[in-house]
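In what follows, a structure is listed as structure tokens, so that the remarks can point back to it.
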Amino acid sequence: MRAIIPVARFHPFLTSLFEKVGIRNMLKRVNKGESQMLNIGPHLSIAKGFKKAGEEALLVNANTFQFFTRNPRGGKAKALDQKDVDGLVVIMKEHHFAPLLAHAPYTLNMCSAKPEIREFAQMVFKEDLARLENLPCELYNFHPGNHLGQGVEKGIELILQILNDEIWEGQKTTVILETMSGKGTEIGRSFEELKTIIEGVTQKEKMGICIDTCHIYSGGYDIVGNLEAVLEDFDRIIGINYLKCLHLNDSMMPYNSHKDRHEKIGFGTLGVDTFQKIVTYPSLKGLPFFLETPQENTLDYKKEIDLLRSF
Ligand code: FE
Ligand code: FE
Ligand code: ZN
């Protein structure tokens, strides 16, 4: 037997009032949730499009993601499909995404001793900046480079030539230098080196820093023993306002080893407590965090994200 459900019929004015109050309360809840929400996402492939990457981010409980602007080895970037990009924009708006992070290919070396390698780096950098003007992404991260025996000073001079050639006043993108572990002749192994680069850039307000937790720990910054002191150093040397995002990676390598091997959160030398401190640290609040941990499957990022959100 079917029950007959009486349908209450309200005056249209009352109905709209209930709706408004309901929506207002809902919005309040959403806003509260947003301000307390950790901004976190994994590194995702855009091989199947930007919209697909946005959908994948949602599947793992992320509200942002990082992507390579092109093949990590530095191949040609695919032409943008505006419909696909618009699809991502809709997802980002609906789900209150935090800023995305674009990552330049690893092969980009602005301070190589070989002119053809530097020319390639400049071409990629220029093209990526132009492309980002048409993407819903304001942060572009790159590895400062390897000076290959020319010395840090010469290396930074070469990096600055390209940055000052290509960064323009009106661009919407902030160019991000990543903190490096200091293997081989890597530049960006210390806060001082990064500071020197920023100092040399004409458009300083278009520059920022990404702290990679795995890299700085193996680079000799003890974020396990004294996170506070490391961040104070950062603030004193570079200025905390330049910190735009973090790469959250545990490390397979010991402190100060200058070796770069990422590990899953909680399974390496940094340990889960360090990540709890980082994601709840007052001066890091609201910044976007990106995972570059080794996972078999993209969906495995959900476990790490849920763990970090639980703190
Ligand atoms: Fe990187
Ligand atoms: Fe990184
Ligand atoms: Zn790394």
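Values in this text are rule-based calculations from the coordinates and carry no lab data. Predicted, not measured: the structure shown is a model, and the values here were computed from it. Backbone-built Cβ (ideal geometry, glycine too); neighbour counts: all protein chains shown.
Is the range 260-270 home to any residue that is aromatic (Phe, Trp, Tyr) and either farther than 24 Å from Arg309 by Cα or more than 16 Å from ligand 3 (Cβ to nearest atom) (or both)?
Start the filter on the range 260-270 by keeping residues that are aromatic (Phe, Trp, Tyr), which leaves 267.
After this cut, where a residue has to be either farther than 24 Å from Arg309 by Cα or more than 16 Å from ligand 3 (Cβ to nearest atom) (or both) as well, the list is none.
Scanning the range 260-270 turns up no residue that is aromatic (Phe, Trp, Tyr) and either farther than 24 Å from Arg309 by Cα or more than 16 Å from ligand 3 (Cβ to nearest atom) (or both).
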Among the residues of the range 180-206, what is the count of those that are of a type outside the set (Lys, Arg), free of Cβ contacts under 8 Å to residues at least 40 places away in the same chain and either within 14 Å of ligand 2 (Cβ to nearest atom) or in contact with a helix residue (DSSP H, G or I) (Cβ under 9 Å, 6 or more places away or on another chain) (or both)? 4
The one condition in (1) away from ligand 1 (no atom under 11 Å from the Cβ); (2) more than 19 Å from Phe289 (Cβ to Cβ) that Tyr217 fails to fulfil: (2)
Residue in the range 223-253 that is nearest to ligand 1 (Cβ to nearest atom), counting only those that are in contact (Cβ under 8 Å) with a residue 40 or more places away in the chain, closer than 19 Å to Thr196 by Cα and of a type in the set (Val, Ile, Thr): Ile238
When both residues are 6+ apart or on different chains and their Cβ atoms are under 7 Å apart, which pairs have a first residue that lies in the range 208-220 and is under 15 Å from Asp250 (Cα atoms), and a second that is assigned to a strand (DSSP E or B) and among the polar types (S, T, N, Q)? Cys214/Ser251; Tyr217/Ser251; Ser218/Ser251
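Would you be able to say whether some residue in the range 254-271 is acidic (Asp, Glu), within 16 Å of ligand 1 (Cβ to nearest atom) and farther than 30 Å from Glu133 by Cβ? Steps first, answer last, please.
Just the residues of the range 254-271 that are acidic (Asp, Glu), to begin with: 260, 263.
Filter once more, keeping what is within 16 Å of ligand 1 (Cβ to nearest atom): 260, 263.
Of the ones still in play, those that are also farther than 30 Å from Glu133 by Cβ are 260, 263.
Checked the range 254-271: at least one residue is acidic (Asp, Glu), within 16 Å of ligand 1 (Cβ to nearest atom) and farther than 30 Å from Glu133 by Cβ.
Kindly indicate whether Met253 is among the aliphatic types (A, V, I, L, M), touching a helix residue (DSSP H, G or I) at 6+ places or on another chain (Cβ under 7 Å) and more than 16 Å from ligand 3 (Cβ to nearest atom). Before the answer, list the steps.
Working: among the aliphatic types (A, V, I, L, M): yes; touching a helix residue (DSSP H, G or I) at 6+ places or on another chain (Cβ under 7 Å): yes; more than 16 Å from ligand 3 (Cβ to nearest atom): no.
It is false that Met253 is among the aliphatic types (A, V, I, L, M), touching a helix residue (DSSP H, G or I) at 6+ places or on another chain (Cβ under 7 Å) and more than 16 Å from ligand 3 (Cβ to nearest atom).
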